[in-house]
């Protein structure tokens, strides 16, 4: 067994106060001056511990309160109330919900898995990844941490061309030439940010984080050369027209080319001249047959990685009612299987991967690995307000972040995600992230469960 | 009548009014009396719901959780218009929005509290049947015929009992009068007062409660005949002696909230008492591994069931499993191994602490698993030889009836009892000292917040109200016994598939 992969996390408090879900509203008027006020009886002592913070020019009570409602119930004049914080409710969008943002902040701060008491309190199911449940095994669970030399759960994946078969000479020597590949200890790479209060500091923070967890950072070519000290972890992304001379391509071990009409020939040229250069193609995550045909053409041209990019919410880009990326991935994966390319090339998807569970669900649908973007911004305290997009001011000034601090937060987040991957894989009885790829039979899709059960029982023949 | 009673006996299953422990109960509406009040107490005489009560010559703080709402308050003969001082205002309780979650909505919490206080359904317009998860039970509705199909049925004698031994193998013939028993919650995750409240309430209803995997404290001995003891992977507190005490033994393979993961009790919760019962060291974290490391096949599983049957020759065996994609095969395997009860725990079930990623994503919700397993067992020809029990997200009497109509014989609950004890769904059970309401904690100061007689009675009241609701549902469907409801999916409609489903509130018209 190779050395065990471990992500070192440590507590990294937020620079700015986080926005909490609810707040105490506490009226003084009409107070009966009870001999024993409910505020003195708080189990968590929040009324005693509260103070006025000059950082936020506000009371700290809402960051301490655990919402047990004892004071709300106890005050005989109903002077104490709890209300949902409207600012919290307004955060983000339907994918980066207030809950998701809050729990991502918590992971970036602590590096630990979100754990809570009581059963799941969310919706029954939802769009996109929320309409899938992963399988579990009643009797098999690999040892998570490989105690006493037992094999542990591995999240290693590889990028790079694999031969379809090995050829040996008559005297038993390997004739097939094996091409270069990159081995990543975790099936998560970092993608370009679709928005953000970006700066050299932010890119540097992200590169430091990528190097610490030994993964890759995809970023515009123009930015890539500022990070030469991280060149092994950086993948420059080019438009074919941006390539002025061939040496641009040679600096990094892996490059990504944006899918344009000339890209196909460019891939052929690079792969024939420098077969060990690892080449990725960045394509819109579309499900049309013609588009998937182009994927297969790239595979034929020798590409190492197909990088499908969905929109920020995880849907087909540029479409009104596009498919969710999980369905797009299934289509492409199945096409790759039918065309026998599936084991030769790697498949990566980005866009819409907001939580740890989305990583594993994407892989089960058919990718080898995923790329994330906005969650990294959230780790750096982003509130997904998207003000920056219109040139507005970032409420948490991400561009001024200290690179080491930002890296700590991102490493914490990925550390927490890695632990969640292990938990989900352990529950499935699967010991290798490589074996998750395309295991669509180990996922329960809502549409299948519905058609197997409720549709048969309740489909109204009259309607 | 009072609810004071002897701790070592189960009280009778009668309803006794049992108000909140914490000041004023939370309701949908807020009744505010301003300083203009001159204590004329006219409102006390006027309100039929006894929202207003006199305290000596003064008006006490209004019990606004009993208020029927804004509309009622503005009627000409009601409180607002009849207050000479214009001091009464009725509006929505603004704090209620911050309560609960999609599964346990504020109204579902409040209606369950009301049942636990009074043993009755709330009279106001509070929702008491479904939550707001937008799926599963929350989208199923009963199709009640316009007129009760069988006028000869007496609602008070409708049979809600179920049999737990359908194998007729010479072991105990156990029937419980309500189609529900209490699920496993270990000593350590909840206090002994909470544990005994559940046990005594289910015993009062001649049903059962499972110990969970936390051993068998001596305080439980008086209730041996109404306890299910659990054998789980950590084998904490499992002894030949405890196996022989009880009538039902439960094998726990997996838990719906964290399927495929083990259990973990933090060191801070392992007090002297917890450690003694579990036969471990105080302050040291306890892991219950997953899975049974000696079970890798149905044959291995059968061997374990046989051991238990040899140690206790009269008891029934229940096998609790989670809901993987092959849950039907797991169920038939458990039947083959000799289980009397196959207990499916769906993915949205309760827990003292579990990773959020597991609670949300792993294994299928119970609503899908029940019909899948029921139909499979029917096709295999063994359905009538096994008791199928469902759990994992059962909150209300309607959930119980729906689970049964989908194909279960009965259900197991856990969270509703805690809600009856005034759990507020703050999801902080795992943290530090634990529960601020003294339910899921072993902190002595917090445990002292709850009285055993009070806790027992609250749960008795809720169960009583559930039984009444089940009878009403069966009456409206024209079914004399809950056994007739098993797998009768034609009495249900689903909002995604039918547009013409009518309100199935049993409070409207009826009887």
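Placing a pseudo-label 7 Å from each Cα along the Cα-to-Cβ vector at residue B:307 and residue A:214 gives an inter-label distance of 4.0 nm.
Taking 35 Å as R0, compute the FRET efficiency from the Cβ-Cβ separation of residue A:343 and residue A:389 and round it to 0.05. After rounding to 0.05, the efficiency reads 0.30. The ellipsoid equivalent to the alpha-carbon distribution of segment B:154-312 has semi-axes of 27, 21, 14 angstrom, derived from the gyration tensor eigenvalues as √(5λ) and listed largest first.
Once both labels are positioned 7 Å from their Cα atoms along Cα-to-Cβ, the gap between residue A:167 and residue B:125 label points is 7.9 nm. Length available on full extension from residue A:41 to residue A:93: 0.36 nm per residue minus the Cα-Cα distance, which gives 14.9 nm.
Each Cα pair of chain B feeds into the Kirkwood radius, which the Stokes-Einstein equation turns, at 10 °C and 1.306 mPa s, into a diffusion coefficient of 67 µm²/s. Rounded to the nearest 0.05, the FRET efficiency derived from the C-beta distance between residue A:51 and residue A:14 at R0 = 25 Å is 0.90.
For the pair residue B:497 and residue B:451, what calculated FRET efficiency results from E = 1/(1 + (r/R0)^6), where r is the Cβ-Cβ distance and R0 = 56 Å, to the nearest 0.05?
On the way: r = 47 Å, r/R0 = 0.85.
Here the calculated transfer efficiency is 0.75.
Given in Å, the Rg to one decimal and the Dmax to the nearest whole number for the Cα atoms of segment A:84-137 are 13.2, 42. Counting only other chain Cβ atoms within 10 Å of each residue's Cβ, the peptide A:443-455 averages 5. Each eigenvalue of the Cα gyration tensor of segment A:81-216, multiplied by 5 and square-rooted, gives one semi-axis; in descending order these are 40, 24, 17 Å. Per the Debye formula on identical point scatterers at the alpha carbon atoms of segment A:154-234, with no solvent, log10 I(q)/I(0) at q = 0.13, 0.15, 0.23 Å⁻¹ is -0.54, -0.65, -1.07. Histogrammed with a bin width of 5 Å, the alpha carbon distances of segment B:75-152 distribute as 3, 12, 14, 15, 17, 15, 11, 8, 5, 2, 0 percent, first bin at zero.
For segment A:229-274, count the residues as N, evaluate 2.2 N^0.38 Å, and divide the Cα radius of gyration by that value, please.
1.13
Along its three principal directions, the equivalent ellipsoid of segment B:371-511 from the Cα gyration tensor extends over semi-axes of 34, 19, 15 Å, largest first. Taking the C-alpha atoms only, the angle from helix A:403-428 to the longest principal axis of chain A is near 80 degrees. Here the spin labels are modelled as points 7 Å beyond Cα on the Cα-Cβ line, and at residue B:224 and residue B:50 they lie 4.2 nm apart. Considering chain A at the alpha-carbon level, its Rg and Dmax are found to be 25.1, 98 Å.
Put in order of Cβ neighbour count within 10 Å, fewest first, the listed residues B:290, B:376 become B:376, B:290. Based on the Kirkwood approach, the hydrodynamic radius assigned to segment A:51-112 is 14.2 Å, with every pair of different Cα atoms included.
In plain terms, the residue of B:435, B:79 with the fewest other Cβ atoms within 10 Å comes first and the most crowded comes last, giving B:79, B:435. So for segment A:316-390, considering every pair of alpha-carbon atoms, how many percent are separated by more than 13 Å? So the pairs more than 13 Å apart make up 70 percent of the total in segment A:316-390. Axis angle, to the nearest 10 degrees, between helix B:452-477 and the longest C-alpha principal axis of chain B: 90 degrees. Over all pairs of different C-alpha atoms, segment B:18-107 has a mean inverse distance whose reciprocal, the Kirkwood radius, equals 13.8 Å.
Using alpha carbons only, how many degrees (0 to 90, rounded to 10) separate the axis of helix A:289-300 from the longest principal axis of chain A? Roughly 60 degrees between the two axes.
Relative to the current alpha-carbon distance between residue B:172 and residue B:314, full extension at 0.36 nm per residue lengthens the span by 50.5 nm. Applying D = kT/(6 pi eta Rh) to segment B:353-447, where Rh is the Kirkwood radius over alpha-carbon pairs, T corresponds to 10 °C and eta to 1.306 mPa s, the Stokes-Einstein value obtained is 102 µm²/s. Shape descriptor for segment A:373-453: Rg over Rh equals 1.17 (Cα atoms; Rh from the Kirkwood inverse mean 1/r).
Using the Cα atoms of the protein assembly as shown to build a convex hull, what is its mean projected area in square nanometres?
Details: hull surface 179.5 nm².
Mean projected area of the Cα convex hull: 44.9 nm².
Direction-averaged projected area, Cα convex hull, segment B:329-396: 5.3 nm², rounded to one decimal.
Arrange B:463, B:164 by Cβ neighbour counts within 10 Å, fewest through most, would you?
B:164, B:463
All C-alpha pair distances within segment A:180-289, sorted into 10 Å bins from zero, spread as 13, 45, 34, 8, 0 percent across the bins.
Of all DSSP beta bridges located in the protein assembly as shown, what percent are antiparallel, nearest 5? Counting DSSP beta bridges with both partners in the protein assembly as shown, the antiparallel share is about 35 percent.
Please list log₁₀ I(q)/I(0) at q = 0.16, 0.20 Å⁻¹ for segment A:1-143, using the Debye equation with identical point scatterers on the alpha-carbon positions. Log10 I(q)/I(0), no solvent term: -1.10, -1.40.
All of the numbers you see were taken from the coordinates with simple rules; none came from a lab. Worth saying up front: this structure is predicted, and the values here are computed from it rather than measured. Please note: Cβ atoms are built from the backbone with ideal geometry, for glycine as well, and neighbour counts cover all protein chains shown.
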